[in-house]
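Notes for the one structure printed next.
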Amino acid sequence: MNLGGINNNFENSRRNNFSVISIFLLLIFFPTLILYAVYWNNQKKIKRYEIENLQYYASFPMDSLLSRMINQKFELKEIKSEIEKLDFVALCKIYKKDSETLKLEIVEKEPLAVVRNVSGQCFLVTIDFDLISSANLKQTSYPIIEWGEEEVSNFVEKNLVLLMILKRVKKEYPEIYKSISEVVGNGDEICLVTKSTRTKILTTTKDLLQDLEIISALLKRNDMGKFLKNTIDLRFDNIMVVR
């Protein structure tokens, strides 16, 4: 009998068993360690939060909501749900940056214009034509649309063409959009009032595209000032009337 061979077989068997046991223990240990780390991270009290991508709106509605919900240890999905109920929030991504810091990435509803009703109350129309409160705006230098009624719930429906035009101006002619103080629609006619000189620019929905090119060219001219009188009337074919 070869005792050396028997000993070698026994030693190899022992090593194989040890390897199997080691792998088994590692398979248990690491998942357990990960689960414990996750549990420990979730149990730590959140001491701070960070809000990103708030360009148009103030953070104080979120600050109030987050302070209350964090202290009461709400789940992240519950906090996300409450944040997205704020009328200026389109989407909220929320996660833990570290064990003590909450991170929120906000997608805002982009402002288009401020609507002022007959009582002087202001509301906001977004780029997607949602009508929301204007109270949380950081600044209010958006075009104002006067609405001669108290009730504003039907404003978007009755002014959809005007709003679509203004949206196009904002996207394609930002220099014109930034210079507009007020927008007045009357049937097919549109009146744009400039911020600095209070010049009234009169145009129509039919000739709008052509007229926007003219207005854009005027704003880029060094001698633009002489054109910015009381009124620039573009409602006539191939004629610009300056009064």
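Observations on the model:
- Within the set LEU65, LEU104, the sole residue that is of a type outside the set (Gly, Ala, Ser), buried (at least 18 other Cβ atoms within 10 Å of the Cβ), under 25 Å from SER134 (Cβ atoms) and out of contact with any Ser or Thr (no Cβ under 9 Å at 6 or more places or on another chain) turns out to be LEU104.
- Qualifying residue in segment 225-242 (condition: outside any helix (DSSP H, G or I) and closer than 30 Å to LEU91 by Cα): no
- Given (1) touching a Leu at 6+ places or on another chain (Cβ under 7 Å); (2) under 30 Å from MET62 (Cβ atoms); (3) hydroxyl-bearing (Ser, Thr, Tyr), index of the condition THR140 fails: (1)
- Residue in segment 147-157 that is more than 17 Å from the chain's Cα centre (by Cα), among the hydroxyl-bearing types (Ser, Thr, Tyr) and either farther than 30 Å from LYS45 by Cα or in a strand (DSSP E or B) (or both) present: yes
- A single member of VAL241, VAL193 is of a type in the set (A, V, I, L, M, F, W, C) and surrounded by 12 or more Cβ atoms within 10 Å (Cβ to Cβ), and it is VAL193.
- Contact map, segment 171-193: first residue within 18 Å of ILE127 (Cβ to Cβ), second residue charged (D, E, K, R) and assigned to a helix (DSSP H, G or I), Cβ cut-off under 6 Å, separation 6 or more or different chains; pairs are TYR177/LYS170.
- Residue within segment 101-108 that is under 30 Å from SER179 (Cα atoms), of a type in the set (A, V, I, L, M) and in contact (Cβ under 8 Å) with a residue 60 or more places away in the chain present: no
- Yes/no for ALA135 being in a loop (DSSP other than H, G, I, E, B) and either under 25 Å from the mean Cα position of the chain (by Cα) or of a type in the set (Ser, Thr, Tyr) (or both): yes
- Any hit, segment 160-169, residues being modelled with pLDDT of 90 or more and either part of a strand (DSSP E or B) or of a type in the set (Phe, Trp, Tyr) (or both): no
- Extreme residue, modelled with the lowest pLDDT, among residues of segment 124-156 that are among the hydrophobic types (A, V, I, L, M, F, W, C) and touching a helix residue (DSSP H, G or I) at 6+ places or on another chain (Cβ under 8 Å): TRP147
- Selection status of GLU182, assigned to a strand (DSSP E or B) and either at positive phi or of a type outside the set (Ser, Thr, Tyr) (or both): yes
- Matching residues in segment 86-129 - criterion: being under 13 Å from the mean Cα position of the chain (by Cα) and of a type in the set (Asp, Glu): ASP87, GLU105, GLU108, GLU110, ASP128
The values are calculated or read from the model by the stated rules, or taken from the named source; none is laboratory data. Everything numeric here is computed off the predicted structure, so don't read it as measured data. Every residue, glycine as well, gets a Cβ built from its backbone with ideal geometry; the counts of neighbours run over all protein chains shown.
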